Structure formats: structure tokens, C-alpha cells
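Please read the structure below before turning to the comments.
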Amino acid sequence: MKDFQFPFVKTKVEGLTTKFNLEDPVERRKYFEAKVGPEIEKIRDYLHDGTFVSFLLGKKNSGKGTYSKLFMEAIGHEHLAHVSIGDVIRKADQDLRDPAKKDALVAEMRRRYRGFITIEEVVETILSRSQQKLLPTEAILALLEIEIDHLEHKAVFIDGFPRNMDQVSLSLFFRALMGYRDDPDFFVFIDLPEAVIDERMKYRVICPICKTPRNIRLLRTKNVGYDVATKEFYLMCDTPSCNQARMIPKEGDSQGIESIRERITIDDQVMRSLLGLQGVPKVYLRNSLPVDQAREYVDDYEITPAYAYRYDAASQHVNITEEPYTAADDDGKKSYSLLPPPVVVALIKQVAQILP
């Protein structure tokens, strides 16, 4: 965002010379403990009895899901959840089509929903496949409250709300609306260059099982495969329970950022409006650092590499090369993009400061 300078958060630790492999889940755990061990323990202690509500704010494809899931990887999943509004609506669509679940969901919605159209109209709108644009905010709030109630008092990262300017005022009071009373709430602002969003979209893949996102050019998994028939390289999911499932492109991403330009503009307006909000703690995350300043704040291995692949037919092995990935930020300054783990280190540091 050109009008607001997000602060730099230093992840470099003096005297720590270990170079961690951030592609490896085991290495990432060691990395987080080395970089922010005390902060992790403080957050874990707090979550034994307390919760929080965090609103993730950033342009579409800015990494909200990735950062919150890595936060949970570092802290532990037991007391944390990532709630995507899009996923909540899709789940409601599935449940309404399931005769065994429809009546229970409609009954819960009747108990919670207050709005200007009937429940029957809400159900029809959800099932119309155009719910992303037409579903009223009041119905979204009811579905979100239902989802959070099912999480059994977990702290939540809310992804996708507020989605437009009309929802901003409701987000300010959402903690009270869903009964979280005195638990802390805060906004997480994510800033990264549009050039990086474009690259993330064009090369993004997701696991068909756990839905974890990665990027074949900028954020690979530990294991990379090669499809001899199609002559394509592919990533294999790191999550042990997924058994190295082949990750697949996300539909509609091939055109990059221009396919979501209208959404990007709205997201920017929402962020700008909430940056000036008083009375609610704010966390600032930045994905990029100017090339001439980056190494003052981060270690070399925390900078995003750009990957290239070559298949050796004789050994049936994928050879991987890398070099630092650079992109112009929104002011035109040459910058390094950061891998997700150092961004999450900045998130952990700031959340630990916010929690009592």
C-alpha cells in the first residue's frame, strides 16, 4: 500500500548461525522454536484457557490462509482454527443439498439469523451458485457464528470478512455478536507487491485433500514429481496424512492478477479504511523487503527462491535449482519476497505482544 509504510520486523537472531530448510515441516518446527521460542510458549500458555478473534486483511491471494495455517503449525492445532468465509458458504451449500443435514442447518439458521429476506430466500440464494455476490451479510454472519460454535471455543483466524465496505462496521462488533466477550480481537494487515500476487496465482497449486496451497515456482514442497506422459513437474503435499498427494492448479489462476482486479481494488479499500481504526490492536505483515535492506532484517534462507526443474530420465530424478526471487514493489523498488515462515515469525512476535 503506497500511502502506508508497513514496519519491518526483524527475524534475524544474533548469534544464530543454523540454516534451516523451510521446505521441511520438521525443520520448520526447529526454525520457529529458534526464532520465537519464548513467544510460542506464551501463546500456548494463553490458549490453554483463553481465545482470540483475528481478522485477516489483505488483497486476494496475499497469503492469508498460508500464514494462519503455518501459525497453527508453529503453535499447535489443538486450540486454533482458520475459518474461511468462502469455505463456510461452500460447506453450507453441501449441507443444504444433503437431506441428512439440511433440516439441522436450517434450524440453526432460524435461531441465529436476523435479516431482511426470509430463511427460504437465504437457502435459495446459497444454492443458486451465485452466493459470493448475492448472499446478504446477515446470512454470512449467521453461518459464521454456527461454524465458530462448532469449533468448541477455539481461537480463530477469520479469512474473508469484512469482504466489502458495507461489512466493515459489522466487523468492529463481531466479537460481541458471537459471544466472545472480553477475549482479545485484532486485525492482521498483510502487504505484498501486486507483482508477487500475480506470480503466486499463475503458479499456485493446492492439495486436493487438505487444501494446503503451495507454488511450484515460489513455494515448493519437499518432494517434486515428474509426469512423463504430460512432461509436467508437480508438487507432492507435505502433510503426512495426505500420503504425498499430487497437488493441482487452482481453477481460474492462469490469467494472474488481472482476472481479480476488481476484487483487489475492493480489498485495498477495506484495508485502508481499517488502518485508521482506533481501539483495536493491529498486526502488520509485509511479504517483501527492499533488496538493499533485506539482509539487515532477515537471513538469506528466509528470502523466497525462484525454482527451476530438470528431469533426469536416466536416474528418474528431478533436479532442482534456485536463485533469489526479486520483484518490483508497488512503488517500483526492487525487492526480495519473503518465504511464508519469516512472515509468520513476525505474526507470532506481534500476537505475543497483544495477548495478556
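Any read-out appearing in this document is the output of simple, stated calculations on the displayed coordinates, not a laboratory observation. Being a predicted model, the structure only gives us computed values, none of them experimental. Here Cβ is always computed from backbone atoms with ideal geometry, including for glycine, and neighbour counts include all displayed protein chains.
Just so you know, in segment 34-60 the residues that are surrounded by 14 or more Cβ atoms within 10 Å (Cβ to Cβ) and charged (D, E, K, R) include one that is farthest from Gly252 (Cα to Cα), and it is Lys42. Considering segment 37-69, the residues that are hydroxyl-bearing (Ser, Thr, Tyr) and part of a helix (DSSP H, G or I) include one that is farthest from the chain's Cα centre (by Cα), namely Tyr46. When Thr118 is tested against the conditions (1) within 27 Å of the chain's Cα centre (by Cα); (2) surrounded by fewer than 19 Cβ atoms within 10 Å (Cβ to Cβ); (3) among the polar types (S, T, N, Q), the lone failure is (1). Among the residues making up segment 238-258, those that are touching a helix residue (DSSP H, G or I) at 6+ places or on another chain (Cβ under 9 Å) and either of a type in the set (Val, Ile, Thr) or crowded, with 16+ Cβ neighbours inside 10 Å (or both) are Asp238, Thr239, Asp253, Gly256, Ile257. What residue, among those in segment 305-324 that are hydroxyl-bearing (Ser, Thr, Tyr) and surrounded by 11 or more Cβ atoms within 10 Å (Cβ to Cβ), is farthest from the chain's Cα centre (by Cα)? So the residue we want is Tyr311. Is there a residue being outside any helix (DSSP H, G or I) and farther than 24 Å from Ile348 by Cβ anywhere in segment 104-113? Looking through segment 104-113, at least one residue is outside any helix (DSSP H, G or I) and farther than 24 Å from Ile348 by Cβ.
Selection of segment 217-234 for residues being surrounded by 16 or more Cβ atoms within 10 Å (Cβ to Cβ) and either closer than 18 Å to Leu70 by Cα or of a type in the set (Asp, Glu) (or both) yields Leu218, Leu219, Arg220, Thr221.
Cβ-Cβ distances below 7 Å connect the following pairs, each with a first residue in segment 138-159 that is within 18 Å of Gly86 (Cβ to Cβ), a second residue that is surrounded by fewer than 22 Cβ atoms within 10 Å (Cβ to Cβ) and acidic (Asp, Glu), and a separation of six or more residues or different chains: Ile146/Glu108. Per the conditions (1) of a type in the set (D, E, K, R); (2) buried (at least 19 other Cβ atoms within 10 Å of the Cβ); (3) within 19 Å of the chain's Cα centre (by Cα), the sole criterion not satisfied by Arg29 is (2).
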